[in-house]
Amino acid sequence: MDRDQTKEKFLHHAVSIIGGFLGGYAIFNHCDLFGNAQTANLIHIVGKIFSADFSGLVFLLLAAAVYFAGNVFCVVAEKFIKFDLKCISLIFTSCAVVIIGIFPNVSNHYVALLPILFVTPIQWNAYRTAAGYASSTIFSTNNYRVTVMSLTRYLIDKDKKQADQAKFFGMTLLCFHTGVALSCVASLFLGTESIWFCFVPITVSSAVYLWYSEGVLKRIAHRYILKKA
C-alpha cells in the first residue's frame, strides 16, 4: 500500500468519528432521531400518509427536503465549484456545529437537527471511498455487514485481501462508535450543549486532512509541471 492510500485511510477513519458523534448527539438529545440517514424518516412519512395522520408531517417532509438539498449540493459542488469536497465537508460541518451550539434548545427535534441533516450527506459523498473501498462514515450497517463477511471469508479461505478489508471496515466501525461514545458521555453531562465537543473530532480530522492533502497537492502540481514541459 502506498503512502497516499495510508493517509486516505487515516482521514476516512478520523472523519468517521465525526459521523459517530453527530449520529449519537441526535439520538441522545432528540428523541432517538437519527439525523445521519433518512430510512426511518421516509418510513414515518409513508406511515403518516397512509394512516391519515398528518400531525407533524410537515417536519418530516422538511427533514427529507434538507437531506435532499445536501445531496444536490454535492453534485453542484463537484461540477461547478473547483474546491475539494472533503475540505468543504469539514467547513460546513464546523458551521453546522456552531449553528446548533448557538441554538441548542430548539423545541422541535426535526428543526433542531436540520444542520446535521444537511451536512451528513455532504460528508457521505465527500468521503464515500478510501483506498479503493466504498464505505460510509455516517452510519454503520454496511460497514458492519462487510466486516463480518470479510472476516468470515478470511477465517475460511485465509485470503489476506479479505483480512485487509475486514480490518479497514472494522476500524471504520470502531472510529464511528468512538464518536458515539464521546457524544454519549458529553450528552450525559451537558445535554444539547454537548454539540461543542464535536470540534474534538473535527480538529483531529482537519489535521489529518492537511497531512493527506499535502501529498495530493504535490501530485497535482507534478502533473501540471509535466503537462507544461
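Of the residues examined, Phe168 is not one that is within 17 Å of the chain's Cα centre (by Cα), under 18 Å from Gly35 (Cβ atoms), surrounded by 15 or more Cβ atoms within 10 Å (Cβ to Cβ) and modelled with pLDDT of 95 or more. Any idea which of Thr137, Thr141, Thr120 is surrounded by fewer than 14 Cβ atoms within 10 Å (Cβ to Cβ) and of a type in the set (Val, Ile, Thr)? Being surrounded by fewer than 14 Cβ atoms within 10 Å (Cβ to Cβ) and of a type in the set (Val, Ile, Thr) holds for just one of Thr137, Thr141, Thr120, which is Thr141. Select from the stretch 70-90 the residues that are surrounded by 15 or more Cβ atoms within 10 Å (Cβ to Cβ), closer than 23 Å to Gly23 by Cα and either without any contact (Cβ under 8 Å) to a residue 24 or more places away in the chain or among the aliphatic types (A, V, I, L, M) (or both) and list them in ascending order. Hits for the stretch 70-90 are Leu85, Ile88, Leu90.
Cβ-Cβ distances below 6 Å connect the following pairs, each with a first residue in the stretch 52-63 that is under 15 Å from His109 (Cβ atoms), a second residue that is of a type in the set (D, E, K, R) and surrounded by 13 or more Cβ atoms within 10 Å (Cβ to Cβ), and a separation of six or more residues or different chains: Leu57/Lys48.
Kindly check whether there is at least one residue in the stretch 43-62 that is within 16 Å of the chain's Cα centre (by Cα), among the basic types (Lys, Arg) and either at pLDDT 95 or above or over 20 Å from Phe103 (Cα atoms) (or both). Taking every residue of the stretch 43-62 in turn, none turns out to be within 16 Å of the chain's Cα centre (by Cα), among the basic types (Lys, Arg) and either at pLDDT 95 or above or over 20 Å from Phe103 (Cα atoms) (or both).
Looking across the stretch 178-203, the residues that are among the aromatic types (Phe, Trp, Tyr) and crowded, with 17+ Cβ neighbours inside 10 Å come down to Phe197, Phe199. Does at least one position in the stretch 193-213 carry a residue that is of a type in the set (S, T, N, Q), part of a helix (DSSP H, G or I) and modelled with pLDDT under 95? Yes. If I ask for residues that are outside any helix (DSSP H, G or I) and of a type in the set (A, V, I, L, M), which ones from the stretch 18-42 would you list? Correct list: Leu33, Ala37. The set of residues in the stretch 60-79 being closer than 14 Å to Pro115 by Cα and either aromatic (Phe, Trp, Tyr) or touching a helix residue (DSSP H, G or I) at 6+ places or on another chain (Cβ under 8 Å) (or both) consists of Leu62, Ala63, Ala64, Val66, Tyr67, Phe68, Ala69, Gly70, Asn71, Phe73.
Tally the residues that are within 15 Å of the chain's Cα centre (by Cα), over 17 Å from Leu60 (Cα atoms) and not hydrophobic (A, V, I, L, M, F, W, C), restricting the search to the stretch 9-41. Of the residues in the stretch 9-41, 9 are within 15 Å of the chain's Cα centre (by Cα), over 17 Å from Leu60 (Cα atoms) and not hydrophobic (A, V, I, L, M, F, W, C).
The values are calculated or read from the model by the stated rules, or taken from the named source; none is laboratory data. On a predicted model such as this, the values are computed, not experimentally measured, just so you know. Please note: Cβ atoms are built from the backbone with ideal geometry, for glycine as well, and neighbour counts cover all protein chains shown.
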